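Take a look at the structure below.
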Amino acid sequence: MIELRTPTQIEQMRPAGRFVASVITALAEKAAVGVNLLELDELAHRMIKDAGAESCYIDYHPSFGASPFGKVLCTSVNDAVLHGLPHDYTLADGDLLSVDFAASIDGWVSDSALSVIVGTPDPKDQWLIDTAQQALDAGIAQARGGNRLGDISAAIGDVARGADLAVNLQFGGHGVGRTMHGEPHVPNDGRAGRGLKLKPGLVIAIEPWFLHTTDEIVFDPDGWTIRSADGSRGAHVEHTIAITDGDPIVLTARG
């Protein structure tokens, strides 16, 4: 079921968006050589408690998860690109880290992700992150009332093809509201002019993620962490946006 939010409800969603953005920013600043992934999860957990927010992850248990997630943050390193379960791993120089975080405040959810390089950057990894960000920006630019869902997907896919990157369609963006994942699914490639007509009040997360040399993925035994099938590195970025008659509202805008 696809739900449209009133202007009042979208205003009520802004605190969750600002909070999620603040946590993502703090995590990016904290990520450094020698920092453990469990320290990042602890930081996010503490910020949730201090804000009186609620985690969307800790009890989350979809069909593909071996058990409830149990942490409040996704941390994906190098060849891991999505749903990385925080564990006892200390970040090393040159690691490509993606963090994905969702939380609710007053019953409204926001969801966001970014990728950063820890320590000395590999130019190829920075290029991959920059390309994912370009795809996110292109998708957001098409998220306007009167357009079609396929316009968002096609814009993302066009950036990927222009960079000679393959696109995996198993996981993508999604509706956001009272829960973290809802309808509609927002694929990271598609055909312009096709699909659901975008109406003001639709709130979605747009989240391009790319791997250097493949679109094939494998799951860790934990049932959560998703890696590239060939060991190549991945980047993941995401914003929660609200569609209006004009420019979209980026609820998780940072800075």
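Here are the numbers for this structure:
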quantity: GNM top mover of Met13, Met47, Met180 - the chain, alpha-carbon springs below 10 Å; calculated: Met47
quantity: Dipole axis of segment 2-130 (+1 Lys, Arg; -1 Asp, Glu on Cβ), positive-most option in Leu85, Val35, Ile10; calculated: Ile10
quantity: Sum of side-chain charges, Gly150 neighbourhood, beta-carbon under 12 Å (Lys, Arg +1; Asp, Glu -1); calculated: +1
quantity: Of the DSSP H helices in the chain, those whose Cα atoms cover at least 30 Å axially and whose Kyte score averages -1.0 or more; calculated: 7-30
quantity: Highest-fluctuation residue, Glu216, Glu29, Glu183 considered, GNM on the chain with Cα pairs under 10 Å; calculated: Glu29
quantity: Cα-projected label distance for Leu4 with Thr120, points at 7 Å along beta-carbon direction, nm; calculated: 5.5 nm
quantity: Nearest-20 debye value, the chain charge dipole, Cβ charges on Lys, Arg, Asp, Glu; calculated: 860 debye
quantity: Residue among Leu136, Ala154, Thr120 farthest towards the positive dipole end of segment 119-159, charges placed on Cβ; calculated: Ala154
quantity: For segment 1-72: accessible area per residue (Å², 1.4 Å); calculated: 55 Å²
quantity: Highest-MSF residue in the chain out of Ile48, Ile241, Ile58 [GNM, Cα springs under 10 Å]; calculated: Ile58
quantity: Carbon and sulfur %, accessible surface of the chain computed with the full protein complex present, 1.4 Å; calculated: 50 percent
quantity: Where segment 104-192 is the region considered: accessible area per residue in Å², 1.4 Å probe; calculated: 41 Å²
quantity: Linear extension gain, Asp247 paired with Ala163, 0.36 nm per residue minus alpha-carbon span; calculated: 27.6 nm
quantity: Mean-position separation - Cα centroids, segment 140-173 and segment 81-133, in angstrom; calculated: 20 Å
quantity: Global geometry of segment 147-255, whether rounded, prolate or oblate, following the gyration tensor of its Cα atoms and the 1.5 cut on a/c; calculated: prolate
quantity: Among (i) 21.0, 64; (ii) 17.0, 48; (iii) 20.7, 80, the entry that matches Rg and Dmax of the Cα atoms in Å as calculated here; calculated: (ii)
quantity: Test item: Cα-centred dipole of segment 1-96, Lys/Arg +1 and Asp/Glu -1 on Cβ, debye; calculated: 360 debye
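The values are calculated or read from the model by the stated rules, or taken from the named source; none is laboratory data. Quick caveat: nothing in here was measured; it's all calculated off a predicted structure. Neighbour counts are summed over all protein chains in view; Cβ atoms, including those assigned to glycine, are modelled from backbone coordinates with ideal geometry. When the accessible area is computed, the model is the full protein with side chains, heavy atoms only, and any ligands, DNA or RNA have been set aside. Shrake-Rupley method; radii C 1.70, N 1.55, O 1.52, S 1.80 Å.
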